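Reviewing the structure listed below.
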Amino acid sequence: MQHTDSPERFRRQAKQPEEAQRAVLDHARFLGAENVSLYEAWGRHLAEELIAPHPFPAFRRSGMDGYAVRSADLKQARPESPAELEVLESLPGGAEPKHPIGPGQASRIMTGGMVPEGADAVVMLEMTSAGERDGMPIVRIGKSVPSGVNLSEIGSEIRLGDRLLPVGQPIGPGESALLASCGYTRVAAARRPRVAILSTGSELLEVDEPLAPAKIRNSNAPMLAALVREFGGEPLMLGKVPDRAEEAEERVRQALSGCDLLLTSGGVSVGDYDVMADIVARPDAKLLFNKVAMRPGSPTSAALFGEKLILALSGNPGACFVGFHLFAVPALRRMLGVERPLHPAYSAFLGEDFPKVNAYRRYVRAATEIRDGQVWVTPTGDDKSSLMTTIVGSDCLIEIPPTKEGLKRGQPVKAWKIRP
């Protein structure tokens, strides 16, 4: 069955990409928190600000294998007349010193060991020689050292009460180490957004189906699922629906009850069988936009059904990929409590000529490269919205402003970092 000829599909007023992003962000909400163990937290986003419960290091710590000394005892030390210090004890990692260091004394210490009171420096082992005097162990040091050398003071890395990590911080290897060092066995992590993925199009085959005339395999769904996971969500695969308005609308409404965000691909243009264009224009939906002044993916649309957000992305893989990064990523990040939901932008030099004339702003899939200390971005292939191969290897989107002449290699451009 064909569409219902909603007039909204033909009365499209293009929003600028920033306007469309704001419309999405205005209706994306933080989803709340759940308590998880440190070992379940990797890849999650913090839902609370974490404060250091104690300083780190919590004791004065040696940065070297060597000897804990008083720097004052070495002021006159020279290779030809080394200082001779009495060795009080040997301190492996984890051992608490029994003796403070007084004048003319030292203690053998290992990397990470607790520096005794009285010592204000650690001399590396290679600068010393061991010996005996009157049957007692001594160390000879033929060079002076400044106070504080090879010694980490209490709280030199983290002070008591410092903010360890902000709300929305992704938890990776470094964050995991930081949390462990401060004794956080459990943390409040943002609930992962449940993202339903529905593909429309009578031409679509499942991935495991053999090719047939006029048919293509559904590549958008696995791509979107991978992207959803990459940006902190849980994909819910709804499969595909043919270009029949009633069936597509029923699937959409069913999906909304079990997800936080619905992504569809295909059916957003003004063709006879573009069913999503009509669904987002239903009277009980709040249409946010149904055209964006950009290439590729200008028919990208967004609507609210109740409190649930639908993003209707283009069926062309390249345009679908761009639309996800421009609109779905900010929505997901807002749901995860990330303070800055948009992709970060940077300046770079264009790696090759871009001769296309643009009436709209264009977002080109590209790869970043450092050449002689400069950042260059080069398109990963022909900038056609239907191409999938240009997604492979792309780590940024080059923003090409409207132009009647195209751009030349080496011109400065704005790029958006799209890899987490």
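The values are calculated or read from the model by the stated rules, or taken from the named source; none is laboratory data. What you are looking at is a predicted structure, and each value in this text was computed from that prediction instead of being measured. We place every Cβ from the backbone using ideal geometry, glycine too, and count neighbours over all the protein chains shown. Calculation scope for accessible area: heavy atoms of the full protein, side chains included, ligands and nucleic acids excluded. Shrake-Rupley method; radii C 1.70, N 1.55, O 1.52, S 1.80 Å.
Looking at the range 217-242, I want the residues that are more than 15 Å from Ala328 (Cβ to Cβ) and have a partner that is in a helix (DSSP H, G or I) and open to solvent by 30 Å² or more (accessible area, probe 1.4 Å) with Cβ atoms under 6 Å, at least 6 apart or on another chain. Which pairs are those?
Listed pairs, sorted by first residue: Val241/Glu247; Val241/Arg251.
Report every pair of residues separated by at least 6 positions or lying on different chains whose Cβ atoms are under 8 Å apart, first residue within the range 13-38 and farther than 24 Å from His343 by Cβ, second loosely packed, with under 14 Cβ neighbours inside 10 Å and among the polar types (S, T, N, Q).
Ser37/Thr185; Leu38/Thr185
Quick one: which residue in Gly201, Gly155, Gly135 is more than 22 Å from the chain's Cα centre (by Cα), surrounded by fewer than 20 Cβ atoms within 10 Å (Cβ to Cβ), modelled with pLDDT under 95 and not hydrophobic (A, V, I, L, M, F, W, C)?
Step by step, each of Gly201, Gly155, Gly135 is checked, and only Gly135 is more than 22 Å from the chain's Cα centre (by Cα), surrounded by fewer than 20 Cβ atoms within 10 Å (Cβ to Cβ), modelled with pLDDT under 95 and not hydrophobic (A, V, I, L, M, F, W, C).
Cβ-Cβ under 7 Å, sequence separation 6+ or interchain: first residue in the range 69-97 and more than 19 Å from Gly112 (Cβ to Cβ) and in contact (Cβ under 8 Å) with a residue 60 or more places away in the chain, partner among the small types (Gly, Ala, Ser) and in a strand (DSSP E or B). Which pairs?
Here the result reads Ser71/Ala121; Leu74/Ala83; Ala77/Ala83, each pair linking the range 69-97 to a residue that is among the small types (Gly, Ala, Ser) and in a strand (DSSP E or B).
List pairs: first residue in the range 325-343 and open to solvent by 20 Å² or more (accessible area, probe 1.4 Å), second residue assigned to a helix (DSSP H, G or I) anywhere in the structure, Cβ distance under 6 angstrom, at least six positions apart or on different chains.
Arg334/Leu25; Leu342/Pro330
Test Leu261 against the stated conditions and say whether it is open to solvent by less than 20 Å² (accessible area, probe 1.4 Å), within 30 Å of Ala41 (Cβ to Cβ), among the hydrophobic types (A, V, I, L, M, F, W, C) and at pLDDT 95 or above.
Spelling it out, Leu261 is indeed open to solvent by less than 20 Å² (accessible area, probe 1.4 Å), within 30 Å of Ala41 (Cβ to Cβ), among the hydrophobic types (A, V, I, L, M, F, W, C) and at pLDDT 95 or above.
Testing Val167 on (1) surrounded by 13 or more Cβ atoms within 10 Å (Cβ to Cβ); (2) touching a helix residue (DSSP H, G or I) at 6+ places or on another chain (Cβ under 7 Å); (3) over 20 Å from Cys320 (Cβ atoms); (4) among the β-branched types (Val, Ile, Thr), one condition comes back false. Which one is that?
Result: Val167 fails condition (2) only.
Anything in the range 359-377 that is among the charged types (D, E, K, R), more than 13 Å from Gly410 (Cα to Cα) and over 20 Å from the mean Cα position of the chain (by Cα)? List them, or say none.
Hits for the range 359-377 are Arg361, Arg362, Asp372.
Among the hydroxyl-bearing types (Ser, Thr, Tyr) and surrounded by fewer than 20 Cβ atoms within 10 Å (Cβ to Cβ): which single residue out of Ser71, Ser62 fits that description?
Residue meeting the stated conditions: Ser71.
Within the range 289-299, can one find any residue that is crowded, with 24+ Cβ neighbours inside 10 Å, within 27 Å of the chain's Cα centre (by Cα) and among the polar types (S, T, N, Q)?
no
Residue by residue through the range 351-387, note down the ones that are more than 17 Å from Leu326 (Cα to Cα), touching a Pro at 6+ places or on another chain (Cβ under 8 Å), outside any strand (DSSP E or B) and at pLDDT 90 or above.
Once the filter is applied, which keeps residues that are more than 17 Å from Leu326 (Cα to Cα), touching a Pro at 6+ places or on another chain (Cβ under 8 Å), outside any strand (DSSP E or B) and at pLDDT 90 or above, the range 351-387 yields Gly351, Glu352.
Do we find a residue being open to solvent by less than 20 Å² (accessible area, probe 1.4 Å), in contact (Cβ under 8 Å) with a residue 60 or more places away in the chain, of a type outside the set (Ser, Thr, Tyr) and touching a strand residue (DSSP E or B) at 6+ places or on another chain (Cβ under 6 Å) anywhere in the range 170-186?
No, the conditions are met nowhere in the range 170-186.
Which of the numbered conditions does Pro283 fail, given that it passes all the others? Conditions: (1) in contact (Cβ under 8 Å) with a residue 60 or more places away in the chain; (2) under 27 Å from Arg253 (Cα atoms); (3) surrounded by fewer than 17 Cβ atoms within 10 Å (Cβ to Cβ).
(1)
Listed here are the residues, each with its yes/no results for (1) more than 26 Å from the chain's Cα centre (by Cα); (2) assigned to a strand (DSSP E or B); (3) modelled with pLDDT under 90; (4) on the phi > 0 side of the Ramachandran plot.
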residue: Leu224; (1), (2), (3), (4): no, no, no, no
residue: Leu227; (1), (2), (3), (4): no, no, no, no
residue: Gly267; (1), (2), (3), (4): yes, no, yes, yes
residue: Lys286; (1), (2), (3), (4): yes, yes, no, no
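Matching residues to (1) at pLDDT below 95; (2) buried (at least 18 other Cβ atoms within 10 Å of the Cβ); (3) in contact with a Cys (Cβ under 9 Å, 6 or more places away or on another chain):
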| residue | (1), (2), (3) |
| --- | --- |
| Pro53 | no, no, yes |
| Glu86 | no, no, no |
| Arg108 | no, yes, no |
| Thr111 | no, no, no |
| Leu125 | no, no, no |
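When the range 378-399 is examined, which residues are found to be open to solvent by less than 90 Å² (accessible area, probe 1.4 Å), within 24 Å of the chain's Cα centre (by Cα) and among the aliphatic types (A, V, I, L, M)?
Ile391, Leu397, Ile398
Can you find even one residue in the range 189-198 that is closer than 30 Å to Ala58 by Cβ and open to solvent by 40 Å² or more (accessible area, probe 1.4 Å)?
No: the range 189-198 contains no residue that is closer than 30 Å to Ala58 by Cβ and open to solvent by 40 Å² or more (accessible area, probe 1.4 Å).
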